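Read the structure below first, then the notes.
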Amino acid sequence: MRYYVVSDVHAFYDELVKALKDKGFFEDSDCKLIICGDLLDRGKQPIEMQNFVAELLEQDRVILVRGNHEDLLEELTENLEEWMQTGIRYTHHDTNGTLDTVLKMLNVSYEKLYMYTSACQRRLYGMPFFKTVLPAMRNYYETPNYVFVHGWIPSVTVGNPYDPTNILPYADWRNATSEQWRLSRWLNGMFAFSCGVTEPNKTVVCGHIRASWGHCKLEGNGYLSGRGYVHDYTPFVAKGIMAIDACTKQSGFVNCVVIDD
């Protein structure tokens, strides 16, 4: 099977379509698209992204891996009235773009969302994202030679997750709990990989953290400037890992890799 693989498309629908066109996805009748999480938030086209993915689901042409931004959107929607009453501005739902996604999907102002919260919540639950897209998402997808995840495969973390001595392999990760999977969606896969958390004889394909982190920290390509990394957003590839988040908001493009497996 031929797979076209993307991640962290974040409602950048036009950029996703361009990447798929450039790789030949729409002319390839014997393939599937794998999206490694984070369909929405940050971009300006959540409705177009939602409808596109829902259509691919109907055609059985897409495999969806759940990302941390799916968790954020579900949590916000479930508790929308509480968040609106207690104050959502400048919280993580605001800074991560989840609130803006809700406003764009509903096509309402913040004031209207505040006034008609219950009605807005019902409208959200009636949309394809909640009715068909979110239920189709899985924690991971596996082929003979690859494992597709969002952040990384679940690991054993004790104390500071950025201390290499505290991130250890977890052999039974396929049977991890839902909470372990939720936490794994926030992992920097390239960092976990550098700590030895790998799957023997397979390549783990991940997103979540911009690929430039691996190029800079693990390859030495790029350097720190006053405003952060000098970025190489192309996929970071090493034996056992392929990190493909292009940080589309900054790079302006989506990485799409084609895998036959």
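Just wondering, is there one or more residues in the stretch 47-64 that are outside any helix (DSSP H, G or I) and within 11 Å of the chain's Cα centre (by Cα)?
yes
What do you reckon, is His93 in contact with a helix residue (DSSP H, G or I) (Cβ under 6 Å, 6 or more places away or on another chain) and either in a helix (DSSP H, G or I) or over 16 Å from Arg42 (Cα atoms) (or both)?
Here the answer is yes, as His93 does meet what is asked.
For the stretch 226-248, enumerate the residues that are farther than 12 Å from Ile209 by Cα, modelled with pLDDT of 95 or more and not in a loop (DSSP other than H, G, I, E, B).
Val237, Ala238, Ile241
Can you tell me which residues in the stretch 78-103 are crowded, with 16+ Cβ neighbours inside 10 Å, touching a residue at least 40 places away in the same chain (Cβ under 8 Å) and over 30 Å from Phe25 (Cβ atoms)?
Leu80
Could you check the stretch 136-220 for helices (runs of 4 or more DSSP H) lying wholly inside it with 3 or more residues that are among the hydrophobic types (A, V, I, L, M, F, W, C) and touching a residue at least 24 places away in the same chain (Cβ under 8 Å)?
Fully inside the stretch 136-220 and qualifying: 189-194.
Just for the stretch 20-45: of the residues that are within 27 Å of Asp94 (Cβ to Cβ) and without any contact (Cβ under 8 Å) to a residue 60 or more places away in the chain, which one is surrounded by the fewest Cβ atoms within 10 Å (Cβ to Cβ)?
The selected residue is Gln45.
Just to be sure, is Ile88 among the hydrophobic types (A, V, I, L, M, F, W, C), under 24 Å from Trp186 (Cβ atoms) and in a strand (DSSP E or B)?
So Ile88 does not fit the description; no.
The values are calculated or read from the model by the stated rules, or taken from the named source; none is laboratory data. Worth saying up front: this structure is predicted, and the values here are computed from it rather than measured. As a convention, Cβ positions derive from the backbone with ideal geometry for all residues, glycine included, and neighbour counts pool all protein chains shown.
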